[in-house]
Structures are given as C-alpha cells and as structure tokens.
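Student: Could you have a look at this structure, given as structure tokens, before my questions?
The values are calculated or read from the model by the stated rules, or taken from the named source; none is laboratory data. These numbers were taken from a predicted model, which means no experiment stands behind them. Positions of Cβ are generated from backbone atoms using ideal geometry, with glycine treated the same way; all protein chains shown enter the neighbour counts. Areas reflect the complete protein model, heavy atoms only, side chains present, ligands, DNA and RNA absent. Shrake-Rupley method; radii C 1.70, N 1.55, O 1.52, S 1.80 Å.
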Amino acid sequence: MSDHQLLNVAAHRDLRVRRERSEALGDAVMTALVVPDEFRQVQASYPILFRQNRERDGFAALALFGFDAGENLFLVGDRWDAPYLPLSIDIQPFLIGGAPGADATPKAVVDMNSPRLATDDGVRVFDREGRPSPYLDVILERLGALDAGYRGSAAFFDALERYQLLEPFTLEVTLDSGATNRLVGFHAIAEERLAELDAATLGKLNADGHLLPIYMAVASLANLPALIARKNRRG
C-alpha cells in the first residue's frame, strides 16, 4: 500500500533513492503512462498504444514493454535497456500532488513505501545542509514536464475522439518456441481514417500541436518486431 507524503526537508532530510533497475524495485511492468509531449522520445524505443480508463469515458497513452502482465523486456539485470525512460517511470518514487484543477500548484510527493527509498544507499534527495540535491532538481523538472504534459493531453485525446482516430488493436504473436501471446484491450491510431482527413482538418491538428504526436504514435508501432525479438531471446 502506498504512503504518499508531501516532500519536505524536515521529514525527508536523510532520504536516499536507489536508481538501479530491477524487479524488486518495481520495474517489472508491462506498460507505463506516457504523455503526447514525450511521444517523439518514446517512439524511438517503444510501441505506443492507447487504452480506455476504467470508466470508459476517456483514453490514456501507454508505452508497451512486454506482452504479459508484469513483463518488462527492457529490464536487463540492474539496468533498463533503452536510451529513453518514460517520465512516469523515471520520476519514481515521486509523483505530483496537490488539489486538482487548472490553477492548483503541483507539489512533489514521495511514496514512503516505495522499495526505492533508503537512508544508507542511493542518491541523496537533500544535501547535508538541507538543500535540494542535483538529483532532486532534475526530478522536480521532470515532474513539472509530466504535469504539464498530463494537463495538456486532454485536448489531444479530445481531438482523437472527435476525428475518430482511434481503433481497437489486437496482436497475436507466435514465438519461436511455438507459444502464442495475444495482446488485447488496446487501441491504436486508425491509419486509414488518418489518411482520409482533408487538408483543413490536418492543418487544424497541426496548428493545435496534435499532428506530430499522432504520427509519432503511428511510427512507434515499427518497434513491435523488435519487442517480439526481445521476447524470443528470453525463451
């Protein structure tokens, strides 16, 4: 169970964060939330898919790391085998807190039950004088980027639904071993529908900043064969 606390020097002066990657530290995940602002970086390594929320009244974008629950094919020993780490993974064990609303000031929150936390190993969050460490400065910057990306993503998803640019995506993978994996429950950009959009609509999507992440999501599916190859190498 999580224990979220507002980050402050009085309570967390001696806190350290383990930065290596492992299953024990919570990195055995099949997907991670990504925001349109980072699609350019994400698409270089991972397929980007979309999934409806539990209420089925909206979508979220996800980077795909594997084909089974708890499977991360980019996790190799104590490292993450890709040049870019999605923001939602990179910031852990921190997250954005504060009251909801466009005018709310986001605050850094730490999950005190995270296995990444320590007091005798890892990177310091505050230095010995109680000032934010260089590591914390980077984390705060990335928390801000993730918060801005999340707040700005509503318009992106509204545009995808308005122009019917999402369609169900199912993938059946037959491995070298003969085993079959079936990926269900996701959506992808509807490429045929995208190709049918007129110049005015494309121009509006571009002016609103949505066209680039749409094309990045399309391009990201070229990573599926490489992900399947990683699965085959695991045996």
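Student: At 0.36 nm per residue, and after removing the present C-alpha to C-alpha distance, how many nm does the segment from Leu224 to Leu175 gain when stretched out fully?
Tutor: Values: separation 49, 0.36 × 49 = 17.64 nm, distance 1.30 nm.
Result: 16.3 nm gained on full extension.
Student: Under the rule of -39500 (n - 2.57) per DSSP H run of 4 or more residues, summed and divided by the residues of the chain, what mean residue ellipticity at 222 nm is obtained, to the nearest 500 deg cm²/dmol?
Tutor: Values: 8 runs with 77 residues, N = 235.
It lands at -9500 deg cm²/dmol.
Student: Starting at the first residue of the stretch 12-19, write each ³J(HN,Hα) from the Karplus equation 6.51 cos²θ - 1.76 cosθ + 1.60 with θ = phi - 60°, in whole Hz, x for Gly and Pro.
Tutor: Per-residue couplings from phi come out as 10, 4, 9, 5, 10, 10, 7, 9 Hz.
Student: So, one more: Mind giving me the nanometre distance, one decimal, between the label points for Arg54 and Asp120, set 7 Å out from Cα along Cα→Cβ?
Tutor: Placing both labels 7 Å along Cα→Cβ, they lie 3.8 nm apart.
Student: Follow-up. Per residue, how much accessible area does the chain show when a 1.4 Å probe rolls over the protein heavy atoms, in square angstrom? Mind dumping the intermediate values first?
Tutor: On the way: 12350 Å² over 235 residues.
About 53 Å² of surface per residue is accessible.
Student: For the chain, what Kirkwood radius comes out of the mean inverse Cα-Cα distance, in Å?
Tutor: Working: mean 1/r = 0.0514 Å⁻¹.
Across the chain, the inverse of the average 1/r is 19.4 Å.
Student: Something else: May I ask for the angle, rounded to the nearest 10°, between helix 134-162 and the longest principal axis of the chain, with both axes built from Cα atoms and the value confined to 0 to 90°?
Tutor: 30
Student: Next up: With bins 5 Å wide starting at 0, give me the P(r) of the stretch 122-235 over every alpha carbon pair, in whole percents.
Tutor: Whole-percent P(r) values from 0 Å outward: 2, 9, 13, 14, 11, 11, 12, 11, 9, 5, 2, 1.
Student: Quick one: which residues, 5 or more positions from Val34 or on another chain, have an amide H under 5 Å from its amide H? H modelled 1.01 Å from N in the peptide plane, none for Pro or chain starts.
Tutor: Amide H neighbours of Val34, under 5 Å, 5+ apart: Ala61, Leu62, Ala63.
Student: Using only Cα atoms, what is the ratio of the radius of gyration of the stretch 1-134 to 2.2 N^0.38 Å?
Tutor: Values: Rg = 16.3 Å, N = 134, 2.2 N^0.38 = 14.1 Å.
Against the empirical 2.2 N^0.38 Å value, I get 1.15 for the stretch 1-134.
Student: List the trypsin sites (Lys or Arg not before Pro) within the stretch 114-155 that fall in a DSSP loop (any state other than H, G, I, E or B) and whose Cβ has at most 14 other Cβ atoms within 10 Å.
Tutor: Numbers: sites: Arg116, Arg124, Arg128, Arg142, Arg151; in loops: Arg116, Arg128.
For trypsin sites (Lys or Arg not before Pro) across the stretch 114-155 that sit outside H, G, I, E and B with at most 14 neighbouring Cβ atoms in 10 Å, the list reads Arg128.
Student: Still on this model: Give me, ordered by chain and number, the residues 5 or more places off Phe186 or on other chains with an amide H under 5 Å from its own placed amide H.
Tutor: Answer set, sorted by chain and number: Phe169.
Student: Efficiency by 1/(1 + (r/R0)^6): what FRET value for Glu141 and Met112, r their Cβ-Cβ distance, R0 = 22 Å, to the nearest 0.05? Don't skip to the end; give the middle numbers.
Tutor: Details: r = 22 Å, r/R0 = 1.01.
Calculated transfer efficiency: 0.50.
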